[in-house]
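The values are calculated or read from the model by the stated rules, or taken from the named source; none is laboratory data. Just so it is clear, the model here is predicted, and its values are computed rather than measured. Glycine also receives a Cβ, built like all others from the backbone with ideal geometry; neighbour counts cover every protein chain displayed. Quick note on the areas: whole protein, heavy atoms, side chains included, nothing else; ligands and nucleic acids left out. Shrake-Rupley method; radii C 1.70, N 1.55, O 1.52, S 1.80 Å.
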Amino acid sequence: MNRRHLIAGASALGLTGLLGRPAFAQETPRKGGVFVMGIGGGSTTDDFDIRKLNDWVPVNQAYMVMNGLVEIDADNRAQPELFESWEAAEGAAEWTFKVRQGVTFHNGKTLTADDIVYSLNLHRGNTGSAAISIAAAFKDVAKVSDSEVRITLESGNADLPYVLSDYHFLVVPEGFQDWSNPIGTGPFKLESMEPGVRARFVRNESYWKPGCANVDAVEVIVINDIAARTNALMSGQVQAINSLDFKTVGLLGQNPNLRIVRSAGGQHFTFLMDCTQAPFADNNVRLAIKHAIDREQLLQTALLGNGRLGNDHPIPSTDRFFNTELPQRVYDPEKAKFYLKAAGLDALNVTLSTSDAAFPGAVDAAAIFRTAASPAGINVELKREPADGYWDSVWMKVPFCMSYWGGRPTADQMLTIAYQSTSAQNDTHWKNEEFDRLLVEARALLDEERRREIYWHLQEILHNEGGAMIPMFGDYLDAVSTQVKGVTPHPMFNLMGARMAEKIWLEG
């Protein structure tokens, strides 16, 4: 990779599909109508602060108002967005990005390099950003000209365009701070919002992407209860919902007025053990927990087979660096007892915090685990937590809880954001010096074989020592009214990578 190696640009294959409707679609988008979405994953504390986006409602709403630097398309490829092209110096530590021209913010300001530099710097230093571990790799973010930005990394990263697709790296005007009244370059403008309840957005008439922002307005109704969300769709109150209850997929699929949207990707469900708190500070206890769950039963019962088995690391089988030789961990109560004994315990009493806010079916999954763990001498008390405030009051706060991760487009990004010791979202508080060192080494390599070796080893380390029990990967499952057109599966998150409102149109 040399200085003149153009990684991607405005003429990149697939860009037509990104900027407008999917390239394979034959229908012409129709303007007009109001698109009503019922989305689970909202809270009364939600706003548009790009530093702390942490659940489905705020992420989807942020994408309605703001654009990112790079977009991941339906084929899991990095496509230009507000960065229209880029190139890297040899070693992949210095990157130069061209800023898209002719883009304006909702307040009429023209997008320049200053806005992008400011927006990226919101995640650097002691800003409280959830993306601080990713932004920590930025040695310098500098304006070269009004239309060019240079990012210099502490060490090379061949995946930087993918890294910049993270949903925290959205763009606001230079100096912007009013997170309750967002200004972006996105497809819609915020008209009104009651956090955790509902919001309304109206079309940005000067939106720069052709074929997008087709509806006159988008209304978001926050419906955290999955049964209520499903009923809202079936009754016509809303036209799209996310995170289906796996138990109702078959029933919804029989409704001629609805369409199930199934997307396979890196979404996985976790049982999180805080590695700094007893008893989980002892890896023998963590291994006992990992052997005390019947993964196949959980997949078939909680997800009704809508996914794949997990192996206590976050890299999906669809990733090119997935470790195909790591033995699949199976349910083994006797081995769990062995590890408890190694920890000096005859039995283990733990409290597991759970809520369907963690993922649809999480409460049922917790009950399945409790039953499976009992023969191993592990007594699990379930604490059902309220959905509202779960991510503020439970996640990363209690010793043992349930959670999920949406996939990331690269192994490096997934491992960095969730497992690097310095990450603000290292939700098991796990630290391993060898892991951190190898993660940085692999990031800069252009030798794919050596990268594969390292990523395989990193998965093995997490499998054997990490604080997350990851029993299963689940398909993203959404449902939409057949009136909603232009909907396609996407490997990154529900609702077309959280960008459904931007892409779709309504049947006349």
So the strands (runs of 3 or more DSSP E) completely within segment 322-413 holding 3 or more residues that are free of Cβ contacts under 8 Å to residues at least 60 places away in the same chain and out of contact with any Cys (no Cβ under 6 Å at 6 or more places or on another chain) are 348-354, 378-384
Which of the residues spanning segment 53-79 are of a type in the set (D, E, K, R) and at pLDDT below 95? Asp55, Asp73, Asp75, Arg77
Return a yes/no flag: does segment 449-466 have any residue that is surrounded by fewer than 18 Cβ atoms within 10 Å (Cβ to Cβ) and in a loop (DSSP other than H, G, I, E, B). no
Selection count, segment 59-81, where residues are open to solvent by 30 Å² or more (accessible area, probe 1.4 Å) and either assigned to a strand (DSSP E or B) or of a type in the set (A, V, I, L, M, F, W, C) (or both): 1
Checking the condition out of contact with any Gly (no Cβ under 7 Å at 6 or more places or on another chain), at positive phi and crowded, with 24+ Cβ neighbours inside 10 Å, which residue from Met469, Met500, Met496 passes? Met496
Subset of segment 410-450 that is at pLDDT 95 or above and of a type in the set (Ser, Thr, Tyr) - its residue that is farthest from Thr270 (Cα to Cα): Ser421
Quick one: is Val144 assigned to a strand (DSSP E or B), open to solvent by less than 50 Å² (accessible area, probe 1.4 Å), in contact with a strand residue (DSSP E or B) (Cβ under 9 Å, 6 or more places away or on another chain) and modelled with pLDDT of 95 or more? no
Gly486 surrounded by 18 or more Cβ atoms within 10 Å (Cβ to Cβ) and touching a His at 6+ places or on another chain (Cβ under 7 Å): no
Members of segment 82-99 found to be assigned to a strand (DSSP E or B) and either in contact with a helix residue (DSSP H, G or I) (Cβ under 7 Å, 6 or more places away or on another chain) or open to solvent by 20 Å² or more (accessible area, probe 1.4 Å) (or both), listed by number: Glu84, Ser85, Trp86, Glu87, Glu94, Trp95, Lys98, Val99
Residues satisfying the stated conditions in segment 224-252, i.e. open to solvent by 50 Å² or more (accessible area, probe 1.4 Å), touching a Ser or Thr at 6+ places or on another chain (Cβ under 9 Å), among the polar types (S, T, N, Q) and over 22 Å from Val59 (Cα atoms): none
Test Gln61 against the stated conditions and say whether it is within 18 Å of Ile116 (Cα to Cα) and not aromatic (Phe, Trp, Tyr). no
Of (1) in contact (Cβ under 8 Å) with a residue 12 or more places away in the chain; (2) open to solvent by 10 Å² or more (accessible area, probe 1.4 Å); (3) under 24 Å from Trp56 (Cα atoms), Lys431 satisfies all except one. Which? (3)
The one condition Glu174 fails out of (1) in contact with a helix residue (DSSP H, G or I) (Cβ under 7 Å, 6 or more places away or on another chain); (2) open to solvent by less than 60 Å² (accessible area, probe 1.4 Å) is (2)
Among the residues of segment 258-273, which ones are open to solvent by 10 Å² or more (accessible area, probe 1.4 Å) and under 19 Å from Thr354 (Cα atoms)? Gln267
On the basis of being loosely packed, with under 15 Cβ neighbours inside 10 Å and either under 16 Å from Phe83 (Cβ atoms) or under 25 Å from the mean Cα position of the chain (by Cα) (or both), does Val117 make the cut? no
Residues Asp216, Asp178: which one is in contact (Cβ under 8 Å) with a residue 24 or more places away in the chain and charged (D, E, K, R)? Asp216
All conditions in (1) of a type in the set (Gly, Ala, Ser); (2) open to solvent by less than 20 Å² (accessible area, probe 1.4 Å); (3) not in a helix (DSSP H, G or I) are true of Gly508 except (2)
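A quick yes/no check of all residues on (1) farther than 18 Å from His268 by Cβ; (2) among the charged types (D, E, K, R); (3) out of contact with any strand residue (DSSP E or B) (no Cβ under 6 Å at 6 or more places or on another chain):
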{"position": "Asp319", "(1), (2), (3)": "no, yes, yes"}
{"position": "Asn323", "(1), (2), (3)": "no, no, yes"}
{"position": "Leu326", "(1), (2), (3)": "no, no, yes"}
{"position": "Arg329", "(1), (2), (3)": "no, yes, yes"}
{"position": "Asp332", "(1), (2), (3)": "yes, yes, yes"}
{"position": "Ala342", "(1), (2), (3)": "yes, no, yes"}
{"position": "Leu352", "(1), (2), (3)": "no, no, no"}
{"position": "Ser355", "(1), (2), (3)": "no, no, yes"}
{"position": "Ala358", "(1), (2), (3)": "no, no, no"}
